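**Student:** First the structure, then my questions, so here it is.
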Amino acid sequence: MNTYLAVGLALCAASTFGAFSVMARKAMDVGSAISASLISVIVGLPFMVALSFYLSDWGKLTLEAAFWFSLTGFLAPGLARPLVYLSIRYIGVGRAMPLITVTPFVSTVVAVVWLGEQPAPVIFGATALVVSGCFLIALKPEGDKDWRRIHLLLPFAHSLVMAFASTTRRYSLLVMPDIMIGIIIASLASIPAFFLFLPFLPPEERWRVEPGGYKMMILTGLLNSFSFLVFFSAFQFGPVSIVVPIGYAAPLFALVFTRIWLRDEEVLTWQKWTGAVTLFIGVVLIVTNAP
């Protein structure tokens with residue numbers, strides 16, 4: 001286990017996922033959440049399959065490893081990615097991404113109960129800082145873009161799914177430490193999960209790609225595939241209680257990119273920036289206290 005390498009990979013994943021969230025907001029203008037989710041998974045598969053023939057040994061794949069890789073893929077990106085796209089569509093990047101940061105707290109609890117991890121008390125405190133910004137983010141200031149509070153359940157649902165997906169991902173790599181095979185099986189297993197959302201979505205949120213939308217969705221998908229690859233890799237080198245809180249620093253980067261690219265579309269209030277600063281402090285504490 002190399003904790004510092006895990007920290008570096010998790011930070012890289014956080015920055016690229018933050019950029020992805022802003023690109024996903026743009027992609028929502030030219031297509032539906034399910035379309036963007038499915039394309040984002042499929043677009044990276046050919047490259048990963050080709051790479052696996054050079055870096056992996058498929059002959060070592062066992063039924064147990066295939067099961068755990070499939071389960072983590074069904075959860076994330078399967079269930080988790082559409083929830084991210086839907087969250088961004090309905091409540092915006094500036095609100096959805098920080099609210100998703102409740103994931104580290106739930107993931108840490110699951111990792112302690114399931115995997116027997118024993119993070120230091122400061123890690124719990126830092127994780128609480130990462131989560132605490134959620135209460136400020138959920139406030140609706142005067143003049144804010146119209147949105148329904150019921151849609152706040154979307155990022156929280158994503159957090160719950162990702163908490164179990166992250167722990168399952170770590171466990172699957174303990175069963176078989178092959179990142180490429182894990183990602184490929186997880187990506188394939190995620191596809192059926194997307195269709196579970198269809199009956200509950202309005203027609204305009206099902207398959208829809210407007211002219212010129214494929215290019216934007218493919219670029220978004222490639223960036224997300226890279227983020228997924230880096231984040232998945234981090235679990236091979238460090239515990240869930242370290243990797244997940246750092247990886248979920250993505251909202252901090254998302255707010256910065258929103259300020260640059262979506263200045264005229266989303267208003268960044270003091271609540272959002274306060275949550276981002278709290279998040280940053282929590283991540284710094286985790287990094288400086290990593291074993």
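**Student:** Considering only DSSP states other than H, G, I, E and B, which chymotrypsin sites (Phe, Trp or Tyr not before Pro) in the range 177-213 qualify as loop sites with at most 14 other Cβ atoms within 10 Å? Write out the running numbers ahead of the final one.
**Tutor:** Values: sites: PHE194, PHE195, PHE197, PHE200, TRP207; in loops: PHE195, PHE197, TRP207.
Of the chymotrypsin sites (Phe, Trp or Tyr not before Pro), the ones in loops of the range 177-213 whose Cβ has at most 14 other Cβ atoms within 10 Å are PHE195, TRP207.
**Student:** Something else: Ordered by packing density, taken as the mean number of other Cβ atoms within 10 Å over each peptide's residues, highest first, how do 36-44, 57-65 rank?
**Tutor:** Working: 36-44: 22.9, 57-65: 11.1.
In decreasing order of mean packing, 36-44, 57-65 become 36-44, 57-65.
**Student:** On the protein heavy atoms, probe 1.4 angstrom, tell me the percent of accessible surface of the range 4-103 carried by carbon and sulfur.
**Tutor:** Values: 2520 of 3360 Å².
Taking all protein chains in place, the range 4-103 shows 75 percent carbon and sulfur surface.
The values are calculated or read from the model by the stated rules, or taken from the named source; none is laboratory data. Just so it is clear, the structure is predicted and the values come from calculations on it, not from any experiment. Every residue, glycine among them, receives a Cβ derived from its backbone with ideal geometry; neighbour counts consider all protein chains shown. Just so you know, the surface numbers come from the protein's heavy atoms only, side chains and all, with ligands and any DNA or RNA stripped out. Shrake-Rupley method; radii C 1.70, N 1.55, O 1.52, S 1.80 Å.
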